[in-house]
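S.K.: The structure under discussion is supplied below as structure tokens; questions concerning it will follow.
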Amino acid sequence: MTSFRIIAAAIALACIAFGLWRLEGATHGLVVTRMQAGDTPVTVFRAEGSAKGPVVLIAHGFAGSQQLMQPFAITLARNGYVAVTYDSLGHGRNPEPMRGDITKVEEGPTPRLLAQVGEVAALAKTLPESDGRIAVLGHSMSSDIVVRFAQAHPEVAAVVAVSMFSPVVTPTSPKNLAAIDGAAEFGMLHDEARRVVGMVSSGAAEPGVIYGSFADGSARRFTLSPGAEHIGVLYSAASMEAALDWLNRAFGMSGSAPVEDRGIAIAALFFGVTLLAWPLASLLPRVSPMPLGAGLPWRRFWPVAVAPALLTPLILWKMPTGFLPVVLGDYIAMHFACYGLVTLAALWIATRGEGIARPSVNVAFIVAAALVAAYSILAFGLPLDRYVLSFFPIAERLPLLFAVLGGTILFFLADEWLTRGHGAATGGYPATKALFLSSLALAVALNFGKLFFLILIIPIIFVFFVIYGLFSGWVNRRTNDPLVAGLANALAFAWAIAVTFPLVRP
């Protein structure tokens, strides 16, 4: 290992240590209790030795889990509230699926999600730390759920709706409604916040201004968290401050403990995990004495790369979905599989009659692939699962993992072989990832009604492509076999899709 790699390893370990120290210390002085409301996993956050306080039910959004809402829960618990998070139906570690058509708000899973909030609220009211008062906070999909719950339960004193959309808000209901959006979110969410606050303002609603009165339940306000998008709004200190201020006003509380601002710690932790892979990759066994791969220069590379990006959305345009019990998981698996098959077909056409080196499986290949896969899953999965998002599958999700893996393995093995090898097009690897994301966007455009939820996850796939693309480059330069990283990346992507997308039943 060179001196540069040793320095990089030291920096990486320092970043990891800082991130873990900061994140583990976030719950210092709090009591965190895990329990069940039926099949629903619930976590209760409260301050040690505190007096009784209002309960705040905190609901995550689509394809999320209760870990995403930790910053709100920790912020509120520090300031005298009893914060209660939970995994919605079909999400996280909740084994009970969502039921119904998720594109139909009234007839889909909404009634069951409302019933679930009621079960969690009933449990929360029995907590000895509860003083009997209650508020609700929800993100994205759950913003509508908590609004509806508050309308049906007049004892709910206040609502905080993050990235809100809800067609049922009226000028008088729900009581004391605050909308929090990221300043970098879609404009339609900003418009929705202005719309619901504008119902009680005499003119155009302005961000940060309170309209109406807490005394009669008509208070409303919307705020924009600087620089935050749809996920970043959950980690923005401005979001925490806005939620805490609103609930303090609603309940006459005066807590002033620091809000949970963990963005830097999260970034440091995952930067360290990513950087550490570089020096560790140099310790892998050499699999091949020469670089393997198609080795196509740009003139021959671009037709092979472009063909699957154009053909895959068209081939799958009218293809039925719904054969896997996970929202959009079946389509994404088919997209990966079809993209990989078209890539392989185009590669075969482009390289017919050429004496290209063939991959071989040996002990070094098995050892390298196993080590890279373990790092890809565990080094990221353990902190993700603890601080960000449920990442380890419950039993009900294991069959989905293998089903999705059938699609991702075709894509990543074909893509790695296409973009690697002696003489391969410079920049070909990021180019194929950009083309894949473009093909997903084209698929959404062709079938917006069925695939619009893909819009939410395309940015996440982009981040995964960047991180695992770095892994791929480092591993390939050491092993000389692109299929080592291909197998590991296929498993990592299949794992992420299988554990995050909601379980669903008709």
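S.K.: Using Cα pairs closer than 8 Å and at least 6 residues apart in sequence, work out the relative contact order for region 375-506, in percent.
M.R.: 44 percent
S.K.: Check residue 504: other-chain or 5+ apart residues with amide H under 5 Å from its amide H, H built from backbone geometry?
M.R.: Sorted by chain and number, the residues that satisfy this are 98, 326, 327.
S.K.: If you don't mind, another one. Tell me the relative contact order for region 285-505 as a rounded percent, counting alpha carbon contacts under 8 Å between residues six or more apart.
M.R.: In percent, rounded to a whole number, it is 41.
S.K.: Please list 3J(HN,Hα) in residue order for region 460-468, calculated via the Karplus relation 6.51 cos²θ - 1.76 cosθ + 1.60 where θ = phi - 60°; whole Hz, with x for glycine and proline.
M.R.: 5, 4, 4, 4, 4, 4, 5, 5, 6
S.K.: What does the charge count near residue 99 come to, summing +1 for each Lys or Arg and -1 for each Asp or Glu among other residues with Cβ under 10 Å from its Cβ?
M.R.: Around residue 99, the surrounding residues sum to 0.
S.K.: Further question: For residue 34 paired with residue 6, estimate the spin-label separation in nm (one decimal), with each label point 7 Å from Cα along the Cα-to-Cβ line.
M.R.: Distance between the two pseudo-spin positions: 4.1 nm.
S.K.: Per residue of region 189-202, what does 6.51 cos²θ - 1.76 cosθ + 1.60 with θ = phi - 60° give for ³J(HN,Hα)? Whole Hz please, x for Gly and Pro, Karplus curve as stated.
M.R.: Once rounded to whole Hz, the list reads 6, 4, 4, 5, 4, 5, 4, 6, 6, x, 5, 10, 8, 7.
S.K.: Label region 285-354 by shape, choosing from rounded, prolate and oblate, from the square roots a ≥ b ≥ c of the eigenvalues of the Cα gyration tensor; if a/c is under 1.5 it is rounded, and otherwise prolate applies when a/b is larger than b/c, oblate when it is not.
M.R.: Oblate, because a/c is 1.5 or more while a/b does not exceed b/c.
S.K.: Taking the Cβ of residue 278 as the center, what net charge do the other residues with Cβ under 14 Å away carry, scoring Lys and Arg +1 and Asp and Glu -1?
M.R.: Net local charge, residue 278 excluded: +3.
S.K.: Still on this structure: Extending each Cα 7 Å along its Cβ direction at residue 302 and residue 114, get the distance between those two points in nm, one decimal.
M.R.: It is 5.5 nm.
S.K.: If I take every Cα pair under 8 Å that is 6 or more residues apart in the chain, average their sequence separation and divide by the length, what percent do I get for the relative contact order?
M.R.: 18 percent
S.K.: By its C-alpha gyration tensor, with a ≥ b ≥ c as the square roots of the eigenvalues, how is region 285-505 shaped: rounded for a/c under 1.5, else prolate for a/b larger than b/c, else oblate?
M.R.: It is oblate, given that a/c is not under 1.5 and a/b is not larger than b/c.
S.K.: Still on this model: Report the antiparallel proportion of the DSSP beta bridges in the chain as a percent, rounded to a multiple of 5.
M.R.: If we restrict to bridges inside the chain, about 35 percent are antiparallel.
S.K.: Hey, what angle do you get for helix 482-500 against the long axis of the chain, alpha-carbon based, 0 to 90 degrees rounded to 10?
M.R.: The helix 482-500 is inclined about 20 degrees to the chain.
S.K.: Mind checking the angle between helix 329-351 and the chain's longest principal axis? C-alpha axes, 0 to 90 degrees, to the nearest 10.
M.R.: Compared with the principal axis, the helix lies near 20 degrees.
S.K.: Looking at (i) 158; (ii) 137; (iii) 147, which value of volume of the Cα convex hull per residue in Å³ comes from a calculation on the structure shown?
M.R.: Working out volume of the Cα convex hull per residue in Å³ from the coordinates points to (iii).
S.K.: Please report how far the C-alpha centroid of region 380-406 lies from that of region 119-136, rounded to the nearest whole angstrom.
M.R.: 30 Å
S.K.: Within 13 Å, Cβ to Cβ, of residue 327, how many net charges do the neighbouring residues add up to if Lys/Arg are +1 and Asp/Glu are -1?
M.R.: Local charge sum for residue 327: +2.
S.K.: Ok, one more. Helix 263-281 versus the longest principal axis of the chain: what angle, 0 to 90°, nearest 10, using Cα atoms?
M.R.: 20 degrees
S.K.: From the Cα gyration tensor of region 357-467, with a ≥ b ≥ c the square roots of its eigenvalues, which class applies: rounded if a/c is under 1.5, or else prolate if a/b is larger than b/c, or else oblate?
M.R.: Judged from the Cα gyration tensor, region 357-467 comes out oblate (a/c at least 1.5, b/c at or above a/b).
S.K.: Now for a different question. From a point 7 Å beyond the Cα of residue 422 in the direction of its Cβ, which residues of region 286-306 have a backbone N at a distance under 13 Å?
M.R.: 289-296
Here, each number is a calculation from the coordinates, and none is a lab measurement. Quick caveat, the model's predicted, so the values are computed rather than measured. Note: ideal-geometry Cβ built from the backbone for every residue, glycine included; neighbour counts use all protein chains shown.
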